[in-house]
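Below is one structure, written out as structure tokens; the observations come after it.
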Amino acid sequence: MFAKRSQRTLPVASAPAPAAGARALATQVFANPALSAGGAGLFFLLAAMATIVVAGDPTAGAPSVRIRLDQPGAPPPPGWREALAPDQAGAPPVTTDSLQLLPNGDDAAVQGQAIISFPGGGGGADVGGGDHAAEALPPAPIAGLSAPGPGGGSLPVIAPDGRTPAQAYARPFQSNGKPKIALVIGGLGLNAKGTREAIEQLPPEVTLSFVPYAEGLQGWIDLARASGHEVLLEAPMEPNDYPDNDPGPYTLMAAGRPAETTQRLDWLLSRAVGYFGVTNYLGSKFVNSDVGMNAFAADLRQRGLAFVDDGSASRRGGGLPRASADRVVDDQLAGDSIDKQLLALEASALQNGQALGAGFAYPITLTQVRTWAAGLAQRGYQLAPASALTTRR
């Protein structure tokens, strides 16, 4: 007969409490000389990771934009979201969660600024707080210079004390006696990257003109003024080849009745505040219409605005501050061609005491203008805002 094997029953013990189990594990690890060094290193690594997760700034590595504010804690300007949205396709939108308002006393270098961080690493810049911070223009609207306009917007008006938007929103200028050269760069507001580059990289004396249809238009104008640039608003005008070449909604038409021209112009003017005047976008047919131009000039004159054209309306007056460009510098998009046009502006300024150029915010134009302007003073000229070249005629 086969004898039965003895069967050993293992005692069953209750599971230790979590804290007790952790202490027991730690005791076993550190009691073993071979494991103590590695266990200590692992312990401190885990502690460091926990500290970063709990206390770290998830946006610390994100680029940011600084906007100088009138009062610490004040809200950002209208349109900041659209104006500062990253260009990258699929990039997360900028939200108010990434807007940090810095209180006084935390950092003397950034008091009264807002830092807007771009989630996902969108391009950033120091707007209104960098090299041009000391040249920032007063924020718009300035009291007494606006009234309710179409669609809830505001229209420019002459203040009760006689101040005009053309005076109040122009960049201050003091002549040093040298020949003056002004330059207007237009087409801004539709391309975020090009608009930021024009605002940030061009000298503050360069006048910037904005498309009235731009999303976040007020935000762009606010940022431009914060960097020292005076601003023009572009008025779409009927060209000779309309409608094949259509400037956009609310185009001022050569055959339009005066009341219709005024109504359309007022809609355009109500898109934003802070511009000292208007410039034309196209308009080869409209500027040759006496009825159209008379209604246009009368509305601007009543509102205290200037009119700066690209040269196509140089024979038009209107009894308001006026300036006409001597030449368009980037009709041909080549670096050497733009350089020649800029040198021609210098020759005109030397002969006449001043010259005005116009251009578009093409990347090549911004590059050539920035290089040209850097040496202008050494060549004996003074860069001036376009408003400094206006005269009433």
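Things worth noting here:
- All told, residue 351 meets the bar of being assigned by TED's automatic domain parsing to the domain that holds residue 299, at pLDDT 95 or above, part of a helix (DSSP H, G or I) and loosely packed, with under 12 Cβ neighbours inside 10 Å.
- Qualifying residues in region 264-277 (those that are assigned to a helix (DSSP H, G or I) and in contact (Cβ under 8 Å) with a residue 40 or more places away in the chain) - the one nearest to residue 232 (Cα to Cα): 269
- Filter pass, residue 178 being in the same structural domain as residue 327 (by TED's automatic domain parsing) and over 12 Å from the mean Cα position of the chain (by Cα): yes
- Options 198, 143, 159, 147: the member that is of a type in the set (Gly, Ala, Ser) and buried (at least 19 other Cβ atoms within 10 Å of the Cβ): 198
- Qualifying positions in region 339-393 - among the β-branched types (Val, Ile, Thr) and under 24 Å from residue 172 (Cα atoms): 369, 371, 390, 391
- Test: residue in region 196-203 that is in the same structural domain as residue 281 (by TED's automatic domain parsing) and in contact with a Lys or Arg (Cβ under 7 Å, 6 or more places away or on another chain): yes
- Yes/no for residue 264 being at pLDDT 95 or above and surrounded by 17 or more Cβ atoms within 10 Å (Cβ to Cβ): yes
- One residue alone among 368, 382 is crowded, with 22+ Cβ neighbours inside 10 Å and farther than 28 Å from residue 287 by Cα, and that residue is 368.
- If you check 140, 224 for being under 21 Å from the mean Cα position of the chain (by Cα), small (Gly, Ala, Ser) and closer than 25 Å to residue 298 by Cβ, only one passes: 140.
- Residue within region 193-210 that is closer than 23 Å to residue 355 by Cβ and among the β-branched types (Val, Ile, Thr) present: yes
- Residue satisfying condition, being in contact (Cβ under 8 Å) with a residue 12 or more places away in the chain and surrounded by fewer than 17 Cβ atoms within 10 Å (Cβ to Cβ), within set 216, 248: 248
- Just one of the listed residues (191, 240, 245) is polar (S, T, N, Q), farther than 24 Å from residue 165 by Cα and within 24 Å of the chain's Cα centre (by Cα), and it is 191.
- When restricted to residues that are modelled with pLDDT of 95 or more and either outside any strand (DSSP E or B) or farther than 30 Å from residue 165 by Cα (or both), region 317-330 contains 6.
The values are calculated or read from the model by the stated rules, or taken from the named source; none is laboratory data. None of these values were measured; they are calculated from a predicted model. For neighbour counting, all protein chains shown are included, and Cβ atoms are generated from backbone atoms with ideal geometry for every residue, glycine included.
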